[in-house]
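Quick notes on the structure that follows.
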Amino acid sequence: MSTPVIRTAIPKRRYQLGEFLITVLGDIESGDRIPYRYIFAVGRELESHPGLFISLEETRGEELARGPFRLRLSMAEGEQVLGYGNQWRELDAFVEEASHVVKRVLNLDDEVPYRLA
C-alpha cells in the first residue's frame, strides 16, 4: 500500500461516516517528498490506523501541464489518480469531493458524513 508518509500535520476537521472516522489533515510535512495540500484519512472506529486515503497533491514536472493539483486515492488494493485541476484547492471543495469518493468506494451512498467537534 502506498499510503502517505506523514511526519507532521495539523488536523483541520473530523467526521463520522457510518462506522468510519475521517480526519482531514493540512499543513503536512511528508516523508515521501510528495507536496500534499490535504489528506482525507479514513479508518474504522476501532482500528488504530486509517486504511483509505484521498490526497490532494501539488503536481510537478510533466504532470503540471495537467493541472496544479492531482486527487489521488490510496488503499490496500492500490492507488489511483482520480483527476487533475484546481477545483479542490479550497478545503470545503476538497472535503466535498473526497466524501463523494469515499462513499462510492465503501458503498455508503445512504450515509451522511457528520462533522465532529
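A few comments on the model shown:
- Candidates Thr3, Thr23, filtered to the one that is assigned to a loop (DSSP other than H, G, I, E, B), out of contact with any helix residue (DSSP H, G or I) (no Cβ under 9 Å at 6 or more places or on another chain) and either closer than 28 Å to Asp110 by Cα or at pLDDT 95 or above (or both): Thr3
- Among residues of segment 56-94, those that are surrounded by 13 or more Cβ atoms within 10 Å (Cβ to Cβ), small (Gly, Ala, Ser) and either at pLDDT below 95 or part of a helix (DSSP H, G or I) (or both), counted: 1
- Among the residues making up segment 101-117, those that are closer than 15 Å to Leu52 by Cα and surrounded by 12 or more Cβ atoms within 10 Å (Cβ to Cβ) are Val101, Val102, Lys103, Val105, Leu106, Leu108.
The values are calculated or read from the model by the stated rules, or taken from the named source; none is laboratory data. Keep in mind it's a predicted model, so treat the numbers as computed, not measured. Note that each Cβ is placed from the backbone with ideal geometry, even for glycine, and that neighbours are counted across all protein chains shown.
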